[in-house]
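*Asks:* Supplied in structure tokens, the structure appears directly below.
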Amino acid sequence: MISKKLETAINDQINAELYSAYLYLSMAAYFESKNLSGFAGWMRAQAQEEQAHAMKFFDYLNERGGRVNLKDIKASQSEWESPLDVFKNVYSHEQKVSSLINDLVNMAIKENDHATNNFLQWYVAEQVEEEASADEVVNKLELVGDSGNALFMLDRELGQRTFTAALESEE
Ligand code: FEO
């Protein structure tokens, strides 16, 4: 059975993952309003991924005899200055999430909860990818600069992304 302290911390993380989904959905809405449907599609896939991250914690907490408590999800920002501004925001948000995951790992280690530590390692690896993919788009957008043509090409490229629920097989 999981400790009360970790139960509370995981419930907070479920809320953080759901907020991430909300943030990316808001970014999708921003891109839709700018007629950048490829960027919007990328954000929708990202939002689905965050929902899946939340559900993985949800299932784990139940499995360990904990109780899931869903709290209010705070409202997301809805306006940004530019696509580059959005992706810089994604990158810094993912860095914040990585530090939340690291805090959870530290807590699990301190409590000698090897099962939770082991479970959290999936997220540790996932955050490396999350940061890298956001950083990659930031770099591309910096190269694009003011070129409408290049932005159009990047919109098409990002629109290729689809969400695949690969989480189950990795458990
Ligand atoms: Fe669930 Fe983007 O971290």
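*Asks:* Does any residue of the range 77-85 turn out to be touching a residue at least 12 places away in the same chain (Cβ under 8 Å) and either within 19 Å of TYR123 (Cβ to Cβ) or aromatic (Phe, Trp, Tyr) (or both)?
*Replies:* yes
*Asks:* Within the range 67-90, how many residues turn out to be more than 10 Å from the ligand (Cβ to nearest atom) and crowded, with 20+ Cβ neighbours inside 10 Å?
*Replies:* Of the residues in that region, 3 qualify.
*Asks:* Is it the case, given these coordinates, that ILE10 is touching a Gly at 6+ places or on another chain (Cβ under 9 Å), within 18 Å of ASP113 (Cα to Cα), open to solvent by less than 50 Å² (accessible area, probe 1.4 Å) and within 14 Å of the ligand (Cβ to nearest atom)?
*Replies:* Considered against the rule, which asks whether it is touching a Gly at 6+ places or on another chain (Cβ under 9 Å), within 18 Å of ASP113 (Cα to Cα), open to solvent by less than 50 Å² (accessible area, probe 1.4 Å) and within 14 Å of the ligand (Cβ to nearest atom), ILE10 comes out as yes.
*Asks:* Moving on. So, in the range 23-39, exactly how many residues are touching a residue at least 60 places away in the same chain (Cβ under 8 Å) and open to solvent by less than 20 Å² (accessible area, probe 1.4 Å)?
*Replies:* 5
*Asks:* Considering VAL105, VAL137, VAL86, which residue is more than 18 Å from LEU23 (Cα to Cα) and in contact with a helix residue (DSSP H, G or I) (Cβ under 6 Å, 6 or more places away or on another chain)?
*Replies:* Step by step, each of VAL105, VAL137, VAL86 is checked, and only VAL105 is more than 18 Å from LEU23 (Cα to Cα) and in contact with a helix residue (DSSP H, G or I) (Cβ under 6 Å, 6 or more places away or on another chain).
*Asks:* Across the range 91-129, what is the total count of residues that are buried (at least 17 other Cβ atoms within 10 Å of the Cβ) and away from the ligand (no atom under 16 Å from the Cβ)?
*Replies:* The qualifying residues number 5.
*Asks:* Exactly one condition in (1) hydrophobic (A, V, I, L, M, F, W, C); (2) under 30 Å from LEU61 (Cα atoms); (3) in contact (Cβ under 8 Å) with a residue 60 or more places away in the chain is not met by LEU151; state its number.
*Replies:* (2) is the only condition that LEU151 fails.
*Asks:* Turning to a different aspect of this structure: Assuming LEU23 fulfils every condition listed in (1) closer than 22 Å to LYS74 by Cβ; (2) more than 14 Å from the ligand (Cβ to nearest atom) apart from one, which condition is it?
*Replies:* Looking at each condition in turn, LEU23 falls short on (2).
*Asks:* State all residues of the range 40-60 that are among the charged types (D, E, K, R), in contact with a helix residue (DSSP H, G or I) (Cβ under 6 Å, 6 or more places away or on another chain) and either more than 9 Å from the ligand (Cβ to nearest atom) or touching a residue at least 60 places away in the same chain (Cβ under 8 Å) (or both); if no residue qualifies, say none.
*Replies:* ARG44
The values are calculated or read from the model by the stated rules, or taken from the named source; none is laboratory data. Note that the structure is a prediction, hence the values are computed from the model and not measured. Methodologically, a virtual Cβ is constructed for each residue, glycine included, from the backbone with ideal geometry; neighbour enumeration extends over all protein chains shown. Please note that ligands, DNA and RNA were not included when accessible areas were found on the heavy atoms of the full protein model with its side chains. Shrake-Rupley method; radii C 1.70, N 1.55, O 1.52, S 1.80 Å.
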